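Since every read-out is calculated from the coordinates, none of them should be taken as a lab result. Worth saying up front: this structure is predicted, and the values here are computed from it rather than measured.
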Amino acid sequence: MARDSLLSAETKTTLAFMFLGLTAWYLAQQYLHDEVVELVALFGVGIVRPTVVNELRRQSRTE
């Protein structure tokens with residue numbers, strides 16, 4: 001009996017990058033004190049990067 005995963009691969013990817021983005025944001029806030037770097041860490045790593053990865057995966061599956 002095969003057991004289906006409760007989370008899809010896209011959700012796991014998004015959660016992992018969200019964690020990395022929050023960690024990068026926190027570290028940038030603590031050590032760099034540069035708001036631009038903080039925003040790039042939070043949005044770039046936490047939102048943009050998982051979206052790009054998931055879209056590339058989706059496109060490679062359809063080709």
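Table for the structure above
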{"item": "Kirkwood-based Rg to Rh ratio, the range 9-62, C-alpha trace", "result": "1.11"}
{"item": "Relative contact order %, the range 9-62, counting alpha carbon pairs below 8 Å whose residues are six or more apart", "result": "42 percent"}
